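First, the structure itself, so that you have it in front of you.
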């Protein structure tokens, strides 16, 4: 058994001997903290700990001295943990030995923050410049003015917001990255589908997720706001688009069609859509949204894969384990 005292990143922890025995120290962010009952009626805490290289779950049972410690913390807290490598059902689930919180004043301007907060792989400034180019590419004057008015209002929030709490592009600048990826895909595919109005579809791509700047809150860990819980980003985005469209004097038919793209982009009612896509542009945007969301999941799993990993853990969004090795040619 080896004792690894230098703080390790999650990717390095997952590279330790899976048979167990190694102990490690790590500085990690509490991404999720949920109290759950056991089969015997007692309780345990399911603690999701992570950094920008990955995450793992730690189960802390009621008889563990750390139970009350973790129960007193909130999602977004940063902790230093010492634990022993253990696996349960082929998933890393370390046995906790010690844990302490790192106070926020010690984190200010600390290099630790760069290791904890995941950001978009692409340069955020370059993405924002590209985004402005997508707005400029909308040929219809009032549609372009509608989109511009919306981002004049929410642009600063949009630049840094995540695209989700956990499922896809769930990191700083993730919403900007996701939307730029969709715009690239849309502009590449639009020549194949002349039935789809290019200006309306591109405008729909750019505004479809704008409600997420209100739905999510939090600097280190994204969580749903009060409005996010009570209304959701689909309705919040509809409200933003309607306000901007009226300001730009967009004609009623185009405004209704743009609003419909926002209301239907989730694809299915059980996925959160307010209605099912019922225009050529809404179908187009919903399918591109689903494509980039799924590929965002794939890209993150590949980025966070260990050197010797063949398959990922089962991903809820993909409903599968992902084969991580490249094709042999």
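The values are calculated or read from the model by the stated rules, or taken from the named source; none is laboratory data. Remember, it's a predicted structure, so these values are computed and weren't measured experimentally. All Cβ positions, glycine included, derive from the backbone under ideal geometry; neighbour counts span all protein chains shown.
Could you say which residue among 148, 157 is assigned to a helix (DSSP H, G or I), within 18 Å of residue 239 (Cα to Cα) and at pLDDT below 95?
Step by step, each of 148, 157 is checked, and only 157 is assigned to a helix (DSSP H, G or I), within 18 Å of residue 239 (Cα to Cα) and at pLDDT below 95.
Assess whether residue 34 counts as being touching a residue at least 12 places away in the same chain (Cβ under 8 Å) and either loosely packed, with under 14 Cβ neighbours inside 10 Å or touching a helix residue (DSSP H, G or I) at 6+ places or on another chain (Cβ under 8 Å) (or both).
Yes; evaluated as a whole, the condition is true for this residue.
Please find, among 300, 287, the residue that is surrounded by 16 or more Cβ atoms within 10 Å (Cβ to Cβ), closer than 29 Å to residue 211 by Cβ and out of contact with any helix residue (DSSP H, G or I) (no Cβ under 9 Å at 6 or more places or on another chain).
None of the other options fit; the residue is 300.
Here's a follow-up. Quick check on my filter: what residues within the range 216-234 are crowded, with 18+ Cβ neighbours inside 10 Å and farther than 30 Å from residue 113 by Cβ?
Correct list: 232, 234.
Another one. How many residues, within the range 160-205, are assigned to a helix (DSSP H, G or I) and either under 20 Å from the mean Cα position of the chain (by Cα) or not assigned by TED's automatic domain parsing to the domain that holds residue 139 (or both)?
Total satisfying the criteria: 14.
Among the residues of the range 206-260, count how many are at positive phi and either out of contact with any helix residue (DSSP H, G or I) (no Cβ under 8 Å at 6 or more places or on another chain) or assigned to a helix (DSSP H, G or I) (or both).
2
Quick check: is even one residue across the range 258-266 in the same structural domain as residue 150 (by TED's automatic domain parsing), at pLDDT 95 or above and more than 25 Å from the chain's Cα centre (by Cα)?
no
Return the residues of the range 72-97 that are out of contact with any helix residue (DSSP H, G or I) (no Cβ under 8 Å at 6 or more places or on another chain) and farther than 28 Å from residue 169 by Cα; say none if nothing qualifies.
72, 82, 83, 84, 86, 95, 97
Take the residues of the range 72-87 that are farther than 14 Å from residue 60 by Cα and over 23 Å from the mean Cα position of the chain (by Cα): which is surrounded by the fewest Cβ atoms within 10 Å (Cβ to Cβ)?
87
I'd like the full set of residues that are under 19 Å from residue 262 (Cβ atoms) and either touching a residue at least 24 places away in the same chain (Cβ under 8 Å) or in contact with a strand residue (DSSP E or B) (Cβ under 6 Å, 6 or more places away or on another chain) (or both), limited to the range 152-166.
153, 154, 157, 158, 161, 162, 163, 164, listed by residue number.
Output the residues belonging to the range 129-151 that are touching a residue at least 24 places away in the same chain (Cβ under 8 Å), surrounded by fewer than 18 Cβ atoms within 10 Å (Cβ to Cβ) and more than 15 Å from residue 250 (Cβ to Cβ).
130, 137
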